[in-house]
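Quick notes on the structure that follows.
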Ligand SMILES: C[S@@+](CC[C@H](N)C(=O)[O-])C[C@H]1O[C@@H](n2cnc3c(N)ncnc32)[C@H](O)[C@@H]1O
(Lines give C-alpha, C1' and ligand atoms only; values in the text may rest on other atoms or scores of the structure.)
Protein backbone atom coordinates (compact mmCIF):
# COMPACT_ATOMS: atom_id res chain seq x y z
CA UNK A 1 0.00 0.00 0.00
CA UNK A 2 1.42 3.38 -0.94
CA UNK A 3 1.84 5.98 1.82
CA UNK A 4 0.59 8.83 -0.35
CA UNK A 5 -2.57 10.83 0.30
CA UNK A 6 -5.70 9.24 -1.10
CA UNK A 7 -7.09 11.89 -3.47
CA UNK A 8 -10.55 13.20 -2.57
CA UNK A 9 -11.66 13.14 -6.23
CA UNK A 10 -10.65 9.48 -6.52
CA UNK A 11 -12.58 8.65 -3.33
CA UNK A 12 -15.72 10.34 -4.70
CA UNK A 13 -15.36 8.59 -8.04
CA UNK A 14 -14.81 5.15 -6.50
CA UNK A 15 -17.72 5.67 -4.10
CA UNK A 16 -19.97 6.46 -7.06
CA UNK A 17 -18.82 3.34 -8.93
CA UNK A 18 -19.37 1.07 -5.92
CA UNK A 19 -22.83 2.42 -5.16
CA UNK A 20 -23.89 2.33 -8.85
CA UNK A 21 -22.91 -1.33 -8.99
CA UNK A 22 -24.91 -2.01 -5.77
CA UNK A 23 -21.73 -2.98 -3.92
CA UNK A 24 -23.67 -2.43 -0.69
CA UNK A 25 -24.44 -4.67 2.29
CA UNK A 26 -27.81 -5.71 0.85
CA UNK A 27 -26.50 -5.89 -2.73
CA UNK A 28 -23.68 -8.22 -1.72
CA UNK A 29 -25.97 -10.33 0.47
CA UNK A 30 -28.43 -10.80 -2.39
CA UNK A 31 -25.70 -11.49 -4.93
CA UNK A 32 -23.94 -14.13 -2.81
CA UNK A 33 -27.02 -15.88 -1.51
CA UNK A 34 -27.31 -17.61 1.85
CA UNK A 35 -25.30 -20.75 1.14
CA UNK A 36 -22.26 -18.90 -0.24
CA UNK A 37 -22.42 -16.39 2.61
CA UNK A 38 -22.51 -19.21 5.17
CA UNK A 39 -19.58 -20.93 3.42
CA UNK A 40 -17.60 -17.66 3.57
CA UNK A 41 -18.27 -17.45 7.29
CA UNK A 42 -16.58 -20.86 7.48
CA UNK A 43 -13.71 -19.34 5.44
CA UNK A 44 -14.64 -21.40 2.35
CA UNK A 45 -14.62 -19.07 -0.69
CA UNK A 46 -15.46 -21.54 -3.48
CA UNK A 47 -19.28 -21.12 -3.44
CA UNK A 48 -18.85 -17.33 -3.40
CA UNK A 49 -16.39 -17.46 -6.32
CA UNK A 50 -18.91 -19.55 -8.26
CA UNK A 51 -21.70 -17.10 -7.41
CA UNK A 52 -19.68 -14.15 -8.73
CA UNK A 53 -18.37 -15.53 -12.04
CA UNK A 54 -18.65 -13.66 -15.34
CA UNK A 55 -17.99 -10.08 -16.36
CA UNK A 56 -20.89 -8.40 -14.60
CA UNK A 57 -19.87 -5.37 -12.45
CA UNK A 58 -21.01 -6.45 -8.98
CA UNK A 59 -19.50 -9.91 -9.38
CA UNK A 60 -16.17 -8.43 -10.49
CA UNK A 61 -16.09 -5.98 -7.56
CA UNK A 62 -16.94 -8.73 -5.11
CA UNK A 63 -14.19 -10.99 -6.43
CA UNK A 64 -11.63 -8.21 -6.39
CA UNK A 65 -12.33 -6.40 -3.12
CA UNK A 66 -14.09 -8.98 -0.98
CA UNK A 67 -12.81 -12.39 -2.11
CA UNK A 68 -9.28 -11.19 -2.93
CA UNK A 69 -9.34 -12.96 -6.30
CA UNK A 70 -7.54 -11.58 -9.35
CA UNK A 71 -9.85 -10.31 -12.11
CA UNK A 72 -8.93 -9.89 -15.80
CA UNK A 73 -7.23 -6.53 -16.44
CA UNK A 74 -9.51 -5.70 -19.38
CA UNK A 75 -12.67 -6.27 -17.32
CA UNK A 76 -11.20 -4.29 -14.41
CA UNK A 77 -10.35 -1.31 -16.63
CA UNK A 78 -13.90 -1.30 -17.99
CA UNK A 79 -15.31 -0.55 -14.53
CA UNK A 80 -12.51 0.98 -12.41
CA UNK A 81 -9.83 3.71 -12.70
CA UNK A 82 -7.13 1.04 -12.39
CA UNK A 83 -4.09 3.29 -12.83
CA UNK A 84 -5.22 5.80 -10.18
CA UNK A 85 -6.10 2.99 -7.77
CA UNK A 86 -2.70 1.37 -8.41
CA UNK A 87 -0.94 4.71 -7.75
CA UNK A 88 -2.87 4.97 -4.48
CA UNK A 89 -1.80 1.44 -3.50
CA UNK A 90 -5.25 -0.15 -3.53
CA UNK A 91 -4.66 -2.53 -6.44
CA UNK A 92 -1.78 -3.90 -8.43
CA UNK A 93 -1.62 -5.01 -12.07
CA UNK A 94 0.03 -8.34 -12.82
CA UNK A 95 0.82 -8.51 -16.57
CA UNK A 96 2.18 -12.05 -16.24
CA UNK A 97 -0.72 -13.65 -14.33
CA UNK A 98 -1.30 -17.28 -15.39
CA UNK A 99 -4.63 -16.63 -17.13
CA UNK A 100 -3.49 -13.37 -18.76
CA UNK A 101 -2.98 -9.82 -17.37
CA UNK A 102 -4.92 -9.40 -14.15
CA UNK A 103 -5.69 -6.88 -11.43
CA UNK A 104 -5.40 -7.85 -7.76
CA UNK A 105 -6.48 -5.95 -4.69
CA UNK A 106 -3.96 -4.95 -2.02
CA UNK A 107 -6.69 -4.22 0.53
CA UNK A 108 -9.98 -5.61 1.69
CA UNK A 109 -12.71 -3.15 0.78
CA UNK A 110 -16.09 -4.16 2.13
CA UNK A 111 -19.50 -2.50 2.02
CA UNK A 112 -20.79 -1.11 5.31
CA UNK A 113 -24.11 0.29 6.40
CA UNK A 114 -23.89 3.63 8.14
CA UNK A 115 -26.37 4.09 10.95
CA UNK A 116 -28.82 6.17 8.95
CA UNK A 117 -28.89 3.38 6.34
CA UNK A 118 -26.57 5.22 3.94
CA UNK A 119 -23.95 3.06 2.21
CA UNK A 120 -20.42 3.17 3.60
CA UNK A 121 -17.21 1.22 3.01
CA UNK A 122 -14.50 -0.17 5.27
CA UNK A 123 -10.94 -0.61 4.01
CA UNK A 124 -8.43 -2.80 5.86
CA UNK A 125 -5.59 -5.16 5.09
CA UNK A 126 -6.76 -8.43 3.55
CA UNK A 127 -7.33 -11.15 6.14
CA UNK A 128 -4.23 -13.32 6.44
CA UNK A 129 -4.66 -17.03 7.12
CA UNK A 130 -1.45 -18.27 8.72
CA UNK A 131 0.02 -21.06 6.65
CA UNK A 132 2.42 -21.74 3.82
CA UNK A 133 4.81 -19.14 5.20
CA UNK A 134 2.26 -16.31 5.41
CA UNK A 135 1.62 -14.48 8.68
CA UNK A 136 0.24 -10.98 9.24
CA UNK A 137 2.79 -8.18 9.02
CA UNK A 138 3.55 -6.46 12.37
CA UNK A 139 1.64 -3.35 11.28
CA UNK A 140 -1.32 -5.32 9.88
CA UNK A 141 -4.55 -3.28 9.88
CA UNK A 142 -7.34 -5.56 10.98
CA UNK A 143 -10.82 -5.38 9.44
CA UNK A 144 -14.11 -4.94 11.26
CA UNK A 145 -14.78 -8.13 13.22
CA UNK A 146 -16.73 -9.50 16.17
CA UNK A 147 -14.98 -7.31 18.73
CA UNK A 148 -15.61 -4.19 16.62
CA UNK A 149 -19.32 -5.07 16.54
CA UNK A 150 -19.40 -5.60 20.32
CA UNK A 151 -17.93 -2.16 20.89
CA UNK A 152 -20.15 -0.43 18.34
CA UNK A 153 -23.23 -1.90 20.03
CA UNK A 154 -22.10 -0.48 23.36
CA UNK A 155 -21.81 3.10 22.19
CA UNK A 156 -24.28 5.35 23.96
CA UNK A 157 -26.73 7.29 21.79
CA UNK A 158 -25.87 10.77 20.59
CA UNK A 159 -25.98 13.45 19.58
CA UNK A 160 -22.76 14.73 21.12
CA UNK A 161 -20.40 17.49 20.17
CA UNK A 162 -16.96 15.81 20.06
CA UNK A 163 -16.09 12.11 19.87
CA UNK A 164 -12.77 10.26 19.84
CA UNK A 165 -12.00 6.82 18.40
CA UNK A 166 -8.67 5.80 19.96
CA UNK A 167 -6.96 3.02 17.98
CA UNK A 168 -9.17 3.48 14.94
CA UNK A 169 -7.60 0.74 12.76
CA UNK A 170 -9.78 0.50 9.65
CA UNK A 171 -11.96 3.35 10.95
CA UNK A 172 -15.06 1.32 11.73
CA UNK A 173 -15.81 2.98 15.08
CA UNK A 174 -15.20 6.41 13.60
CA UNK A 175 -17.93 5.57 11.06
CA UNK A 176 -20.29 4.76 13.94
CA UNK A 177 -19.34 7.97 15.73
CA UNK A 178 -19.93 10.07 12.62
CA UNK A 179 -23.70 9.71 13.00
CA UNK A 180 -23.57 10.73 16.67
CA UNK A 181 -21.03 13.51 16.89
CA UNK A 182 -20.56 16.92 15.31
CA UNK A 183 -16.79 16.38 15.26
CA UNK A 184 -14.96 13.05 15.14
CA UNK A 185 -11.25 12.56 15.89
CA UNK A 186 -9.72 9.17 15.06
CA UNK A 187 -6.20 8.23 16.19
CA UNK A 188 -3.88 5.28 15.82
CA UNK A 189 -0.28 4.43 16.58
CA UNK A 190 0.05 2.72 13.20
CA UNK A 191 0.41 5.17 10.27
CA UNK A 192 -0.99 2.56 7.86
CA UNK A 193 -4.13 2.36 10.01
CA UNK A 194 -4.49 6.15 9.93
CA UNK A 195 -4.29 6.05 6.13
CA UNK A 196 -6.76 3.19 5.69
CA UNK A 197 -9.20 4.74 8.18
CA UNK A 198 -8.98 7.94 6.15
CA UNK A 199 -9.89 6.01 2.99
CA UNK A 200 -12.80 4.25 4.77
CA UNK A 201 -14.17 7.61 5.90
CA UNK A 202 -13.68 9.28 2.50
CA UNK A 203 -15.32 6.39 0.62
CA UNK A 204 -18.20 6.50 3.09
CA UNK A 205 -18.78 10.18 2.34
CA UNK A 206 -17.82 11.18 5.90
CA UNK A 207 -16.06 14.49 5.61
CA UNK A 208 -14.44 16.59 8.29
CA UNK A 209 -13.21 13.80 10.61
CA UNK A 210 -9.71 14.50 11.93
CA UNK A 211 -7.16 11.69 11.73
CA UNK A 212 -4.04 11.69 13.89
CA UNK A 213 -1.13 9.32 14.30
CA UNK A 214 0.24 8.74 17.80
CA UNK A 215 0.10 6.62 20.94
CA UNK A 216 -2.77 6.53 23.41
CA UNK A 217 -3.96 10.08 24.26
CA UNK A 218 -0.79 11.80 22.96
CA UNK A 219 -2.37 13.11 19.75
CA UNK A 220 -5.24 14.73 21.70
CA UNK A 221 -3.27 16.22 24.60
CA UNK A 222 -5.31 18.94 26.30
CA UNK A 223 -8.50 18.07 24.38
CA UNK A 224 -11.81 16.94 25.84
CA UNK A 225 -14.53 14.78 24.32
CA UNK A 226 -18.13 13.92 25.11
CA UNK A 227 -17.56 10.37 23.94
CA UNK A 228 -14.40 8.27 23.75
CA UNK A 229 -14.47 4.74 22.35
CA UNK A 230 -11.63 2.30 22.01
CA UNK A 231 -11.12 -1.30 21.01
CA UNK A 232 -7.50 -1.23 22.17
CA UNK A 233 -4.65 -3.70 21.61
CA UNK A 234 -5.58 -5.60 24.77
CA UNK A 235 -4.09 -9.04 24.09
CA UNK A 236 -2.04 -10.18 27.09
CA UNK A 237 1.16 -11.63 25.77
CA UNK A 238 4.83 -12.07 26.60
CA UNK A 239 5.70 -10.91 23.08
CA UNK A 240 6.18 -7.19 23.27
CA UNK A 241 4.23 -5.42 20.48
CA UNK A 242 4.46 -8.25 17.94
CA UNK A 243 1.26 -7.19 16.17
CA UNK A 244 0.26 -3.57 16.65
CA UNK A 245 -3.39 -4.32 15.97
CA UNK A 246 -3.76 -6.46 19.08
CA UNK A 247 -0.72 -6.12 21.38
CA UNK A 248 0.68 -3.06 23.09
CA UNK A 249 4.15 -2.74 24.57
CA UNK A 250 2.70 -2.49 28.08
CA UNK A 251 2.78 -5.57 30.33
CA UNK A 252 -0.28 -7.67 31.25
CA UNK A 253 -3.51 -5.72 31.19
CA UNK A 254 -1.84 -2.36 31.79
CA UNK A 255 -2.93 -0.88 28.46
CA UNK A 256 -6.59 -1.08 29.55
CA UNK A 257 -5.82 0.22 33.05
CA UNK A 258 -3.92 3.16 31.55
CA UNK A 259 -6.72 4.03 29.14
CA UNK A 260 -9.17 4.12 32.04
CA UNK A 261 -6.78 6.08 34.26
CA UNK A 262 -6.26 8.83 31.70
CA UNK A 263 -9.77 8.96 30.22
CA UNK A 264 -11.20 11.53 32.68
CA UNK A 265 -8.51 14.07 31.66
CA UNK A 266 -10.10 13.94 28.20
CA UNK A 267 -13.79 13.79 29.10
CA UNK A 268 -16.21 16.66 29.39
CA UNK A 269 -18.53 16.68 32.44
CA UNK A 270 -20.94 13.79 31.87
CA UNK A 271 -18.79 12.48 29.00
CA UNK A 272 -18.52 8.72 28.39
CA UNK A 273 -15.49 6.52 27.77
CA UNK A 274 -16.27 3.02 26.51
CA UNK A 275 -13.61 0.42 25.91
CA UNK A 276 -13.32 -3.29 25.31
CA UNK A 277 -10.79 -4.94 27.61
CA UNK A 278 -9.05 -8.10 28.73
CA UNK A 279 -7.90 -8.52 32.32
CA UNK A 280 -5.99 -11.12 34.22
CA UNK A 281 -7.24 -13.42 36.96
CA UNK A 282 -4.57 -14.45 39.45
CA UNK A 283 -4.56 -16.33 42.71
CA UNK A 284 -5.41 -14.09 45.62
CA UNK A 285 -6.61 -11.36 43.27
CA UNK A 286 -10.28 -10.48 42.97
CA UNK A 287 -10.87 -9.26 39.41
CA UNK A 288 -13.93 -7.29 40.47
CA UNK A 289 -11.95 -5.31 43.02
CA UNK A 290 -8.99 -4.81 40.72
CA UNK A 291 -10.78 -3.82 37.50
CA UNK A 292 -13.54 -1.99 39.38
CA UNK A 293 -10.72 -0.21 41.21
CA UNK A 294 -9.39 1.16 37.91
CA UNK A 295 -12.69 3.01 37.47
CA UNK A 296 -13.24 3.90 41.13
CA UNK A 297 -9.76 5.42 41.10
CA UNK A 298 -10.89 7.95 38.48
CA UNK A 299 -13.85 9.21 40.52
CA UNK A 300 -16.15 8.40 37.57
CA UNK A 301 -19.27 6.26 37.61
CA UNK A 302 -19.15 3.17 35.53
CA UNK A 303 -20.22 -0.27 34.47
CA UNK A 304 -17.66 -3.05 34.17
CA UNK A 305 -18.91 -6.28 32.66
CA UNK A 306 -17.11 -9.58 32.32
CA UNK A 307 -18.63 -11.50 29.38
CA UNK A 308 -16.26 -14.46 29.29
CA UNK A 309 -13.25 -16.01 31.00
CA UNK A 310 -10.74 -18.27 29.28
CA UNK A 311 -8.09 -20.47 30.79
CA UNK A 312 -4.49 -19.77 29.68
CA UNK A 313 -4.40 -22.55 27.07
CA UNK A 314 -7.67 -21.46 25.45
CA UNK A 315 -6.41 -17.91 25.36
CA UNK A 316 -3.09 -18.79 23.74
CA UNK A 317 -4.82 -20.92 21.09
CA UNK A 318 -7.30 -18.14 20.30
CA UNK A 319 -4.58 -15.63 19.50
CA UNK A 320 -2.01 -18.00 18.00
CA UNK A 321 -4.59 -19.17 15.45
CA UNK A 322 -4.48 -15.73 13.82
CA UNK A 323 -0.74 -15.39 13.75
CA UNK A 324 1.05 -18.71 13.45
CA UNK A 325 0.59 -21.87 11.41
CA UNK A 326 -0.86 -24.64 13.54
CA UNK A 327 1.33 -27.71 14.08
CA UNK A 328 4.65 -26.08 13.19
CA UNK A 329 7.66 -26.06 15.58
CA UNK A 330 7.21 -22.27 15.78
CA UNK A 331 3.62 -22.77 16.98
CA UNK A 332 4.75 -25.17 19.72
CA UNK A 333 7.60 -22.87 20.80
CA UNK A 334 5.34 -19.82 21.06
CA UNK A 335 2.52 -21.74 22.78
CA UNK A 336 4.99 -23.01 25.37
CA UNK A 337 6.62 -19.62 25.93
CA UNK A 338 3.19 -17.98 26.35
CA UNK A 339 2.13 -20.56 28.98
CA UNK A 340 5.51 -20.07 30.72
CA UNK A 341 4.76 -16.38 30.93
CA UNK A 342 1.29 -16.94 32.42
CA UNK A 343 2.76 -19.37 34.94
CA UNK A 344 5.55 -16.94 35.90
CA UNK A 345 3.03 -14.15 36.39
CA UNK A 346 0.59 -16.36 38.32
CA UNK A 347 -2.12 -15.74 35.70
CA UNK A 348 -4.82 -18.40 35.98
CA UNK A 349 -7.40 -16.99 33.58
CA UNK A 350 -8.18 -14.04 31.35
CA UNK A 351 -11.42 -12.08 31.51
CA UNK A 352 -13.04 -10.53 28.42
CA UNK A 353 -15.46 -7.68 28.73
CA UNK A 354 -16.04 -4.00 28.62
CA UNK A 355 -15.45 -0.96 30.79
CA UNK A 356 -17.71 2.08 30.50
CA UNK A 357 -17.18 5.17 32.57
CA UNK A 358 -19.05 8.43 32.84
CA UNK A 359 -17.33 11.53 34.08
CA UNK A 360 -19.93 12.41 36.71
CA UNK A 361 -19.40 15.54 38.64
CA UNK A 362 -21.51 13.98 41.42
CA UNK A 363 -19.59 13.27 44.62
CA UNK A 364 -21.05 9.79 45.06
CA UNK A 365 -20.10 8.23 41.73
CA UNK A 366 -20.86 4.51 41.67
CA UNK A 367 -19.22 1.70 39.76
CA UNK A 368 -21.18 -1.45 38.98
CA UNK A 369 -18.94 -4.49 38.38
CA UNK A 370 -20.45 -7.81 37.37
CA UNK A 371 -20.26 -10.89 35.25
CA UNK A 372 -22.97 -11.32 32.58
CA UNK A 373 -22.29 -14.41 30.53
CA UNK A 374 -25.81 -14.91 29.21
CA UNK A 375 -27.35 -13.28 26.11
CA UNK A 376 -28.35 -9.68 26.72
CA UNK A 377 -30.28 -7.21 24.62
CA UNK A 378 -28.25 -5.59 21.87
CA UNK A 379 -27.46 -2.86 21.13
CA UNK A 380 -26.52 -2.10 24.73
CA UNK A 381 -25.91 1.63 24.15
CA UNK A 382 -29.57 2.75 24.39
CA UNK A 383 -30.07 1.32 27.91
CA UNK A 384 -26.50 1.59 29.21
CA UNK A 385 -26.97 5.00 30.89
CA UNK A 386 -30.04 3.59 32.74
CA UNK A 387 -27.86 0.83 34.20
CA UNK A 388 -25.39 3.35 35.59
CA UNK A 389 -28.20 5.67 36.76
CA UNK A 390 -29.94 2.76 38.53
CA UNK A 391 -26.76 1.86 40.38
CA UNK A 392 -26.20 5.49 41.38
CA UNK A 393 -29.78 5.99 42.57
CA UNK A 394 -29.69 2.82 44.67
CA UNK A 395 -26.36 3.82 46.15
CA UNK A 396 -27.63 7.27 47.16
CA UNK A 397 -30.89 6.21 48.84
CA UNK A 398 -30.82 5.77 52.61
CA UNK A 399 -33.45 3.45 54.09
CA UNK A 400 -35.54 6.45 55.19
CA UNK A 401 -35.32 8.05 51.74
CA UNK A 402 -36.26 4.77 50.12
CA UNK A 403 -39.38 4.39 52.28
CA UNK A 404 -40.60 7.81 51.23
CA UNK A 405 -39.61 7.38 47.55
CA UNK A 406 -42.18 6.69 44.80
CA UNK A 407 -41.03 3.53 43.07
CA UNK A 408 -42.38 1.86 39.92
CA UNK A 409 -41.80 -1.56 38.42
CA UNK A 410 -39.69 -1.28 35.23
CA UNK A 411 -41.79 -1.89 32.11
CA UNK A 412 -39.87 -4.92 30.84
CA UNK A 413 -40.25 -7.01 34.02
CA UNK A 414 -42.36 -10.16 34.37
CA UNK A 415 -42.90 -12.42 37.35
CA UNK A 416 -42.58 -16.21 37.43
CA UNK A 417 -43.78 -18.46 40.23
CA UNK A 418 -42.73 -22.07 40.73
CA UNK A 419 -44.60 -24.43 43.04
CA UNK A 420 -46.76 -27.52 43.27
CA UNK A 421 -50.05 -26.94 41.42
CA UNK A 422 -52.71 -25.98 43.96
CA UNK A 423 -50.15 -25.29 46.73
CA UNK A 424 -51.05 -22.09 48.66
CA UNK A 425 -47.51 -20.65 48.63
CA UNK A 426 -45.02 -20.78 45.75
CA UNK A 427 -41.63 -22.40 46.37
CA UNK A 428 -39.91 -19.73 44.37
CA UNK A 429 -40.80 -16.32 42.93
CA UNK A 430 -38.54 -14.61 40.41
CA UNK A 431 -38.61 -11.34 38.52
CA UNK A 432 -37.26 -11.58 35.00
CA UNK A 433 -36.29 -8.75 32.64
CA UNK A 434 -37.52 -9.25 29.10
CA UNK A 435 -35.02 -6.74 27.73
CA UNK A 436 -31.86 -4.91 28.75
CA UNK A 437 -29.45 -7.05 30.75
CA UNK A 438 -32.02 -9.91 30.96
CA UNK A 439 -31.43 -10.24 34.68
CA UNK A 440 -33.32 -12.67 36.89
CA UNK A 441 -33.83 -12.00 40.60
CA UNK A 442 -35.27 -14.33 43.18
CA UNK A 443 -37.54 -12.35 45.49
CA UNK A 444 -39.63 -12.84 48.60
CA UNK A 445 -43.40 -12.50 48.95
CA UNK A 446 -43.18 -8.90 50.22
CA UNK A 447 -41.16 -7.73 47.20
CA UNK A 448 -43.52 -9.69 44.93
CA UNK A 449 -46.52 -7.95 46.49
CA UNK A 450 -44.74 -4.60 46.06
CA UNK A 451 -43.97 -5.39 42.42
CA UNK A 452 -47.67 -6.07 41.90
CA UNK A 453 -48.85 -2.72 43.20
CA UNK A 454 -46.13 -0.11 42.87
CA UNK A 455 -46.69 2.20 39.93
CA UNK A 456 -45.02 5.29 41.33
CA UNK A 457 -48.21 6.90 42.69
CA UNK A 458 -47.71 6.03 46.39
CA UNK A 459 -44.51 6.08 48.46
CA UNK A 460 -42.92 2.73 49.38
CA UNK A 461 -43.49 3.00 53.17
CA UNK A 462 -47.31 3.20 53.14
CA UNK A 463 -47.43 0.48 50.46
CA UNK A 464 -45.38 -1.80 52.72
CA UNK A 465 -47.75 -1.05 55.63
CA UNK A 466 -50.74 -2.24 53.56
CA UNK A 467 -48.82 -5.34 52.42
CA UNK A 468 -47.82 -6.14 56.03
CA UNK A 469 -51.43 -5.86 57.17
CA UNK A 470 -52.67 -8.15 54.39
CA UNK A 471 -49.97 -10.70 55.25
CA UNK A 472 -50.58 -10.43 58.98
CA UNK A 473 -47.00 -9.23 59.58
CA UNK A 474 -45.62 -6.47 61.78
CA UNK A 475 -45.30 -3.32 59.57
CA UNK A 476 -42.22 -2.17 61.50
CA UNK A 477 -40.42 -5.43 60.74
CA UNK A 478 -41.37 -5.21 57.04
CA UNK A 479 -40.23 -1.56 56.87
CA UNK A 480 -36.91 -2.53 58.38
CA UNK A 481 -36.30 -5.63 56.27
CA UNK A 482 -37.39 -4.52 52.78
CA UNK A 483 -35.16 -1.53 51.87
CA UNK A 484 -32.00 -3.59 51.46
CA UNK A 485 -33.62 -6.03 48.97
CA UNK A 486 -35.40 -3.18 47.20
CA UNK A 487 -32.14 -1.25 46.87
CA UNK A 488 -30.57 -4.23 45.07
CA UNK A 489 -33.61 -4.51 42.78
CA UNK A 490 -33.38 -0.79 41.93
CA UNK A 491 -29.68 -1.13 41.28
CA UNK A 492 -30.37 -4.04 38.92
CA UNK A 493 -33.08 -2.15 37.05
CA UNK A 494 -36.18 -4.09 38.20
CA UNK A 495 -37.63 -1.00 39.85
CA UNK A 496 -37.22 2.66 39.05
CA UNK A 497 -37.52 5.59 41.37
CA UNK A 498 -40.25 7.78 39.91
CA UNK A 499 -39.70 10.62 42.40
C1 LIG B 1 -8.08 -4.17 17.86
S2 LIG B 1 -7.63 -2.88 16.78
C3 LIG B 1 -9.15 -1.97 16.74
C4 LIG B 1 -9.51 -1.43 15.39
C5 LIG B 1 -10.89 -0.81 15.29
N6 LIG B 1 -11.00 0.38 16.13
C7 LIG B 1 -12.00 -1.77 15.62
O8 LIG B 1 -12.78 -1.50 16.54
O9 LIG B 1 -12.09 -2.79 14.97
C10 LIG B 1 -6.60 -1.89 17.83
C11 LIG B 1 -6.01 -0.67 17.17
O12 LIG B 1 -5.22 0.04 18.13
C13 LIG B 1 -4.05 0.52 17.49
N14 LIG B 1 -3.01 0.74 18.52
C15 LIG B 1 -2.09 -0.14 18.98
N16 LIG B 1 -1.33 0.45 19.92
C17 LIG B 1 -1.78 1.71 20.05
C18 LIG B 1 -1.40 2.81 20.86
N19 LIG B 1 -0.41 2.71 21.74
N20 LIG B 1 -2.07 3.97 20.72
C21 LIG B 1 -3.08 4.09 19.83
N22 LIG B 1 -3.49 3.09 19.04
C23 LIG B 1 -2.84 1.91 19.14
C24 LIG B 1 -3.71 -0.56 16.51
O25 LIG B 1 -2.87 -0.07 15.48
C26 LIG B 1 -5.09 -0.99 16.02
O27 LIG B 1 -5.49 -0.28 14.89
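The values are calculated or read from the model by the stated rules, or taken from the named source; none is laboratory data. These numbers were taken from a predicted model, which means no experiment stands behind them. Glycine gets a Cβ as well: all are built from the backbone with ideal geometry, and neighbour counts include every protein chain shown.
Numerical summary
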| quantity | calculated |
| --- | --- |
| Scope the stretch 321-330; condition without any contact (Cβ under 8 Å) to a residue 60 or more places away in the chain and either touching a helix residue (DSSP H, G or I) at 6+ places or on another chain (Cβ under 6 Å) or outside the structural domain of residue 236 (by TED's automatic domain parsing) (or both); matching residues | none |
| Residue that is modelled with the lowest pLDDT, among those in the stretch 229-252 that are touching a helix residue (DSSP H, G or I) at 6+ places or on another chain (Cβ under 8 Å) and more than 26 Å from residue 178 (Cα to Cα) | 239 |
| Qualifying positions in the stretch 137-179 - more than 13 Å from the ligand (Cβ to nearest atom) and either free of Cβ contacts under 8 Å to residues at least 60 places away in the same chain or more than 17 Å from the chain's Cα centre (by Cα) (or both) | 159, 160, 161, 162 |
| Residue in the stretch 40-59 that is within 24 Å of residue 89 (Cα to Cα) and touching a strand residue (DSSP E or B) at 6+ places or on another chain (Cβ under 7 Å) present | no |
| Enumeration of residues in the stretch 193-216 that are surrounded by fewer than 20 Cβ atoms within 10 Å (Cβ to Cβ) and under 29 Å from residue 279 (Cβ atoms) | 212, 213, 214, 215, 216 |
| Looking only at the stretch 225-273, and only at residues there that are within 11 Å of the ligand (Cβ to nearest atom) and in a strand (DSSP E or B), the one that is nearest to residue 384 (Cα to Cα) | 229 |
| Extreme residue, modelled with the lowest pLDDT, among residues of the stretch 119-138 that are assigned to a loop (DSSP other than H, G, I, E, B) and loosely packed, with under 15 Cβ neighbours inside 10 Å | 132 |
| Matching residues in the stretch 316-362 - criterion: being assigned to a loop (DSSP other than H, G, I, E, B) and under 22 Å from residue 261 (Cα atoms) | 359, 360, 361, 362 |
| Members of the stretch 180-199 that are farther than 15 Å from residue 123 by Cα and away from the ligand (no atom under 13 Å from the Cβ) | 180, 181, 182, 183 |
| Meets criteria (closer than 21 Å to residue 307 by Cα, surrounded by 19 or more Cβ atoms within 10 Å (Cβ to Cβ) and out of contact with any helix residue (DSSP H, G or I) (no Cβ under 7 Å at 6 or more places or on another chain)) for residue 369 | no |
| Criterion (outside the structural domain of residue 31 (by TED's automatic domain parsing), surrounded by 16 or more Cβ atoms within 10 Å (Cβ to Cβ), outside any helix (DSSP H, G or I) and out of contact with any helix residue (DSSP H, G or I) (no Cβ under 9 Å at 6 or more places or on another chain)) met by exactly one of 183, 116 | 183 |
| Test: residue in the stretch 278-299 that is within 13 Å of the ligand (Cβ to nearest atom), within 19 Å of the chain's Cα centre (by Cα) and in contact (Cβ under 8 Å) with a residue 40 or more places away in the chain | yes |
| Scan of the stretch 208-224 for residues that are in contact with a helix residue (DSSP H, G or I) (Cβ under 6 Å, 6 or more places away or on another chain) and either part of a loop (DSSP other than H, G, I, E, B) or at pLDDT below 95 (or both), ordered by number | 209, 217, 224 |
